[in-house]
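Chemist: Got a structure here, written out as structure tokens. Questions coming.
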Amino acid sequence: MAQAKVVDFGDDAKKAPVPKDKLEQILKLAREQVRRQRKVAEADEKLKEAKAELRAIEEGNLPKLLDELGVDEIKLGGGWSLFVKEAVSVKTPAKNRADVVAWMEKHGYSRLVKRQFVIAFSRDDEKWAAKFQRDLNQRKKKVDSRIERKIEAATLKKTVVDLMKEGIDVPHDLFGIFKRRISVVIEP
């Protein structure tokens with residue numbers, strides 16, 4: 001990487017080796033960048049608030065109201081309707097991943113487990129790494145490696161939902177399963 005060139009104007013920009021018009025352009029763009037960064041941060045905060053407000057209605061107010069009425073679906077006229085469905089999230093804590101894989105294998109789902117070898121080569125071993133790719137099974141040089149066993153998140157979620165629909169008891173704490181009721185609104 002090339003050596004970075006730094007120009008320090010200190011408190012006296014008049015002595016700067018950069019033309020005044022370029023210095024003004026740099027300062028203007030720097031201020032604009034900071035303004036845009038603040039604008040993005042404000043928009044992120046507003047988005048976070050809007051999502052929380054939506055979640056309060058979608059997962060709280062509407063399902064609760066329909067529960068009070070004793071219905072899961074309602075047609076409102078004018079083409080509007082809504083229903084409440086169960087949503088399942090699976091967010092397995094990192095500390096439980098190996099146990100989740102073991103549970104899935106024990107219960108006949110080993111076909112879902114992916115095995116990935118992670119092999120560490122130093123920066124100076126580019127040629128050796130290329131050779132290793134060609135003759136992995138002959139390993140003439142000892143390598144620092146480990147195997148990772150995992151199930152892709154989308155595959156795990158689909159399988160867990162299917163198992164629960166079949167009435168199979170899946171350990172919620174182990175898998176990080178969170179069930180909630182959400183409302184779905186159909187517009188005309």
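The values are calculated or read from the model by the stated rules, or taken from the named source; none is laboratory data. The structure displayed is predicted, hence computed values, not measured ones. For neighbour counting, all protein chains shown are included, and Cβ atoms are generated from backbone atoms with ideal geometry for every residue, glycine included.
Chemist: Restricting the first residue to segment 43-60 and requiring it to be closer than 25 Å to ILE186 by Cβ, which pairs with a second residue that is small (Gly, Ala, Ser) and surrounded by 10 or more Cβ atoms within 10 Å (Cβ to Cβ) meet a Cβ separation below 6 Å and a spacing of at least six or different chains?
Modeler: Close Cβ pairs (under 6 Å, with a partner that is small (Gly, Ala, Ser) and surrounded by 10 or more Cβ atoms within 10 Å (Cβ to Cβ)) amount to GLU58/SER183.
Chemist: While we're here: Looking at LEU69 and the list (1) more than 27 Å from the chain's Cα centre (by Cα); (2) under 21 Å from LYS165 (Cβ atoms), which single condition is not satisfied?
Modeler: (2)
Each row is one residue, and each column tells you yes or no for (1) assigned by TED's automatic domain parsing to the domain that holds LEU163; (2) within 32 Å of the chain's Cα centre (by Cα); (3) surrounded by 10 or more Cβ atoms within 10 Å (Cβ to Cβ); (4) within 23 Å of VAL161 (Cα to Cα).
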| position | (1), (2), (3), (4) |
| --- | --- |
| ARG55 | no, yes, yes, yes |
| GLU58 | no, yes, yes, yes |
| LEU62 | no, yes, yes, no |
| GLU86 | yes, yes, yes, yes |
| SER89 | yes, yes, yes, yes |
| ARG97 | yes, yes, yes, yes |
| HIS107 | yes, yes, yes, yes |
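Chemist: Looking at segment 106-121, can you tell me whether even one residue there is within 21 Å of ILE168 (Cβ to Cβ), at pLDDT 90 or above and touching a Phe, Trp or Tyr at 6+ places or on another chain (Cβ under 8 Å)?
Modeler: From segment 106-121, those within 21 Å of ILE168 (Cβ to Cβ) are 106-113; that's our starting set.
From what's left, at pLDDT 90 or above: 106-113.
Filter again for touching a Phe, Trp or Tyr at 6+ places or on another chain (Cβ under 8 Å), leaving none.
Checked against the condition, which is being within 21 Å of ILE168 (Cβ to Cβ), at pLDDT 90 or above and touching a Phe, Trp or Tyr at 6+ places or on another chain (Cβ under 8 Å), segment 106-121 yields no hits at all.
Chemist: Being in contact (Cβ under 8 Å) with a residue 40 or more places away in the chain and under 30 Å from ILE186 (Cβ atoms) is the requirement here; does GLU86 meet it? Break it down stepwise before answering.
Modeler: On the way: in contact (Cβ under 8 Å) with a residue 40 or more places away in the chain: yes; under 30 Å from ILE186 (Cβ atoms): yes.
When the stated conditions are applied, GLU86 passes them.
Chemist: Has segment 153-169 got at least one residue that is outside any helix (DSSP H, G or I) and touching a helix residue (DSSP H, G or I) at 6+ places or on another chain (Cβ under 7 Å)?
Modeler: Taking segment 153-169 first, the residues outside any helix (DSSP H, G or I) are 166-169.
From what's left, touching a helix residue (DSSP H, G or I) at 6+ places or on another chain (Cβ under 7 Å): none.
So far as segment 153-169 goes, no, none of its residues is outside any helix (DSSP H, G or I) and touching a helix residue (DSSP H, G or I) at 6+ places or on another chain (Cβ under 7 Å).
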